[in-house]
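Below: one structure, written as structure tokens.
The values are calculated or read from the model by the stated rules, or taken from the named source; none is laboratory data. Because the structure is a prediction, the values reported are computed rather than measured. Cβ sites come from the backbone with ideal geometry, for glycine too, and all protein chains shown count toward neighbours.
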Amino acid sequence: MIVFSNVSKHYNDVVGLNTTSFQVETGELFGLIGPDGAGKSTVMRLLATLLLPDTGSITFNGINVVTDYKSVRKSIGYMPGSFALYTDLTVKENLEFFASVFSSSVEENYHLIKDIYDQLAPFRHRRAGALSGGMKQKLALSCALIHSPLALILDEPTTGVDAVSRVEFWNMLRRLKDTGMTILVSTPYLEEASLCDRVGLMNNGTFMRIGTPDEVVKAYNKTLWAIEGGYSHAVLKALRRYEAVHAVYVYRDKVMMSTEANISAEDIMEYLKSKEIEGASVVRATPDFEDCFMDLMQSHTSVKHDRTDKHG
Amino acid sequence: MKALPHLLKKEFRQIRRNKAMLPIIFIMPFVQLLILVNAADFEIRNIRIAFEDADRSKASQQLIARFTSSPYFNVLGMVNSATEGLSLLDRDKVTVVLRIPNGFERQLQSNHHTTLALDINGIDGQAAGLSRAYVGSIVREFQASITSRGQVGRGQASSGIDERYWYNSDLEYRNMMLPGLLVLLVTMVGLFLTSMNIVREIEMGTIEQINVTPIRKYEFIIGKLLPFWIIGLLELALGLTIGVLVYSIPIVGSVWLLFLFAMLYLPVIMGMGLIVSSITKTQQQAMFVSWFLMVIFLLMSGLFTPIENMPQWAQSITLFNPTAYFIKVVRLVLLKGSSLMDVAHEFGVITLFSIVMTTIAVLAYRKRVA
């Protein structure tokens, strides 16, 4: 449905997207996961016809996004990262306006938004600017859906939304996916990755890994250790200089470290003792999605640092 | 074009709800026309004058009496020397000192040339010029009266000018000012409201959502400009109504011709508003830039100072000032009753401006931020 091949995008000297290829299948819920500045929004804005790629080609449902942007616009629903509806128009007026500019009507596609709109209905005469954050997101999703698009492009729809609304929002996305809708969604929250069919982990304008959340976890080929006790800052500092270390970071009050498989808990204990750190316990840990992401981020960043070192 | 009616509906709805725009649209014409027309009155009354009468004759007394009875002058008294007169000027007690030389009456009677001296506060050049002209006319009248009474005799015919002012026979200042203020009104709506309204979509981020809809570039622009084009014409109608009802300004020519010109003038100004909106990112920036443009357009338009008074290079610049053409046409049509043929040149120029400006504006406005 969505095909990026060798697409790159620069903003003056800043890299938005490094030569990147990926695909999203029809009916798939694809998540773009990564920190701020990773290139998630660039991917979405390129697909939404708001940006032009420097190189490479992007097709949507077989249509060239650059040359035939008009037909692409008709069949996508885009929800920008920041609230972009008319705050001085009411819920109903916003919905009617966006339906009408697509030569459609609210009645015609009401079935698509019924679930969401039911929750908005009590506020339909309220100005959009006076809605709560969660309600705004629901309205924005309704407006993106009202012309019955083939695919939804949602740029960080859950950022800054309360936990309950986030769960509700993802439930809505699952239901939409069940109707056959293709959804490309980005999020900075790692725990939301498991809710996607497939995810692309992004950093520095490129994909570090693409696959199902399970595949991402399975692809983890390091040994993960959880180090508890001791002064975590000192532990962290010491482990960073440990020669067998692959990645080390603090996660949920523990210092997590990944190493190659040939390292044992005793090796690590010994190293810590040599650094005069007492009272720390080293335990094998089962990696979850977050660990995979942190590991990728660290190795990705360190590779980059190595390169700069060589140059510098 | 299918989306246009929906865009217009949305636009009018937003204008109606905008707490800043609506009062501007409806209160501005009243404020400008009811207050400014009176405030920006260049006619001067009660010019404070003092006399140095070195002659102390019957003739000099008669001359001073003429000033005393004139509504334009407020005679503050007599001084004994030129120095004393200047010190009154210094202390801003008077703005004009008229000095009558010794032998004034004698010279007049013997029909010799006589010179009066006039000291004027020249800080406000316009006021000074008018004071000079008023003094001059009183002196001329005085001279004429003496001649007719035969006090100056001996057969020399004195020549005078019989003046008659056309198109604004009483030189009523309002008749000249009000048409100009109508232009100011239309220009403000066209420039400020247009640029601010478009930038608002960028500032609020709504342009993102609009840009992914099938709304075409030209549809969006028309949808944004048409409401203010209509409002601009309404303002003109409102302003003319106030002018007729409150000030009874003459409408000698065709009102329709005036509206036709405004219809062509507004796209020029709104095109400029569109350009302003494409180089700014917030409503505040748009307002600053619009204000800057507006001041230049107005000061170089002939609204306050005649274009003929400007240096040649400045006059050349006014050839590119659409506001100058509109002010000229409004005055010509309202006061002189000029027909389309009389102002054909101005119509031609504004049509050209209109085409050029809209083209540039549309090109400058990029729907796809690339």
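General remarks:
- Count of the range B:1-60 residues which are among the β-branched types (Val, Ile, Thr) and within 14 Å of chain A (Cβ to nearest Cβ): 1
- The helices (runs of 4 or more DSSP H) found wholly in the range B:310-370 and carrying at least 1 residues that are crowded, with 21+ Cβ neighbours inside 10 Å and among the hydrophobic types (A, V, I, L, M, F, W, C) occupy B:322-331, B:344-364.
- Considering B:LEU4, B:LEU34, B:LEU63, the condition of being of a type in the set (A, V, I, L, M) and either at positive phi or exposed (fewer than 15 other Cβ atoms within 10 Å of the Cβ) (or both) is satisfied by B:LEU34 alone.
- Condition met for A:PHE60 (over 23 Å from B:ARG200 (Cα atoms), modelled with pLDDT under 95 and more than 9 Å from every other protein chain (Cβ to nearest Cβ)): no
- Whichever residue in the range B:106-131 is farther than 26 Å from B:ILE44 by Cβ and among the hydroxyl-bearing types (Ser, Thr, Tyr) and, among such residues, is nearest to the chain's Cα centre (by Cα): B:THR114
- Meets criteria (farther than 30 Å from B:GLN126 by Cα, assigned to a helix (DSSP H, G or I) and touching a residue at least 24 places away in the same chain (Cβ under 8 Å)) for B:MET287: yes
- Single residue of the range B:320-370 satisfying the filter (under 19 Å from the mean Cα position of the chain (by Cα) and charged (D, E, K, R)) that is modelled with the lowest pLDDT: B:LYS336
- Criterion (under 21 Å from the mean Cα position of the chain (by Cα), among the basic types (Lys, Arg), farther than 16 Å from B:VAL212 by Cβ and more than 14 Å from chain B (Cβ to nearest Cβ)) met by exactly one of A:LYS9, A:LYS40: A:LYS40
- Any hit, the range A:239-261, residues being of a type in the set (A, V, I, L, M, F, W, C), in a helix (DSSP H, G or I) and more than 15 Å from A:VAL283 (Cβ to Cβ): no
- Considering the range A:70-94, the residues that are among the polar types (S, T, N, Q) and assigned to a loop (DSSP other than H, G, I, E, B) include one that is nearest to the other protein chains (Cβ to nearest Cβ), namely A:SER82.
- Those residues of the range A:216-234 which are modelled with pLDDT of 85 or more, in a helix (DSSP H, G or I) and among the aliphatic types (A, V, I, L, M), in sequence order: A:VAL216, A:VAL217
- Extreme residue, nearest to A:SER71 (Cα to Cα), among residues of the range A:109-165 that are of a type in the set (S, T, N, Q) and in contact (Cβ under 8 Å) with a residue 12 or more places away in the chain: A:SER148
- The listed residues are B:ILE15, B:ILE35, and the only one of them that is modelled with pLDDT under 90 and outside the structural domain of B:ARG132 (by TED's automatic domain parsing) turns out to be B:ILE35.
- Residue, nearest to A:MET79 (Cα to Cα), within the range A:163-185, restricted to residues that are more than 17 Å from the chain's Cα centre (by Cα) and outside any helix (DSSP H, G or I): A:MET181
- Residue within the range A:129-150 that is modelled with pLDDT of 95 or more, among the β-branched types (Val, Ile, Thr) and either assigned to a loop (DSSP other than H, G, I, E, B) or surrounded by 15 or more Cβ atoms within 10 Å (Cβ to Cβ) (or both) present: no
- Within the range B:211-226, considering residues that are hydrophobic (A, V, I, L, M, F, W, C) and crowded, with 20+ Cβ neighbours inside 10 Å, the one farthest from the other protein chains (Cβ to nearest Cβ): B:LEU225
- Selection count where residues are surrounded by 14 or more Cβ atoms within 10 Å (Cβ to Cβ), farther than 12 Å from B:TYR72 by Cα and at pLDDT below 85, scope the range B:130-140: 0
- The lone exception for A:PHE97 - which of (1) surrounded by 16 or more Cβ atoms within 10 Å (Cβ to Cβ); (2) more than 10 Å from chain B (Cβ to nearest Cβ) it fails: (2)
- Pairs, first closer than 12 Å to B:VAL349 by Cα in the range B:312-328, second among the acidic types (Asp, Glu), C-beta under 8 Å, six or more apart: B:TYR325/B:GLU346
- Checking A:PHE22 against (1) within 30 Å of B:LYS19 (Cα to Cα); (2) in contact with a Phe, Trp or Tyr (Cβ under 7 Å, 6 or more places away or on another chain), the condition it does not meet: (1)
- Selection within the range A:190-215 - in a loop (DSSP other than H, G, I, E, B), touching a residue at least 40 places away in the same chain (Cβ under 8 Å) and surrounded by fewer than 17 Cβ atoms within 10 Å (Cβ to Cβ): A:ASP197
- B:MET294 away from chain A (no Cβ under 14 Å), surrounded by 15 or more Cβ atoms within 10 Å (Cβ to Cβ) and either within 19 Å of the chain's Cα centre (by Cα) or free of Cβ contacts under 8 Å to residues at least 40 places away in the same chain (or both): yes
- Residue that is surrounded by the fewest Cβ atoms within 10 Å (Cβ to Cβ), among those in the range A:100-115 that are assigned to a helix (DSSP H, G or I) and at the interface with another protein chain (Cβ under 9 Å from one of its Cβ atoms): A:SER100
- Residue count for the range A:70-102 under the criterion of being in contact (Cβ under 8 Å) with a residue 40 or more places away in the chain and of a type outside the set (A, V, I, L, M): the result is 13.
- Residue satisfying condition, being over 16 Å from B:PHE228 (Cα atoms) and part of a helix (DSSP H, G or I), within set B:ILE296, B:ILE275: B:ILE296
- Close pairs (6 angstrom Cβ cut-off, 6 or more residues apart or separate chains): more than 12 Å from A:MET202 (Cβ to Cβ) in the range A:12-23, in a strand (DSSP E or B) anywhere: A:THR19/A:ASN6; A:THR19/A:SER8; A:SER21/A:PHE4; A:SER21/A:SER5; A:SER21/A:ASN6; A:GLN23/A:VAL3
- Residue identified as under 30 Å from B:ILE215 (Cβ atoms) and either modelled with pLDDT under 90 or among the β-branched types (Val, Ile, Thr) (or both) among B:LEU86, B:LEU7, B:LEU108, B:LEU22: B:LEU22
- Test: residue in the range B:15-26 that is surrounded by 19 or more Cβ atoms within 10 Å (Cβ to Cβ) and over 26 Å from B:ILE221 (Cβ atoms): no
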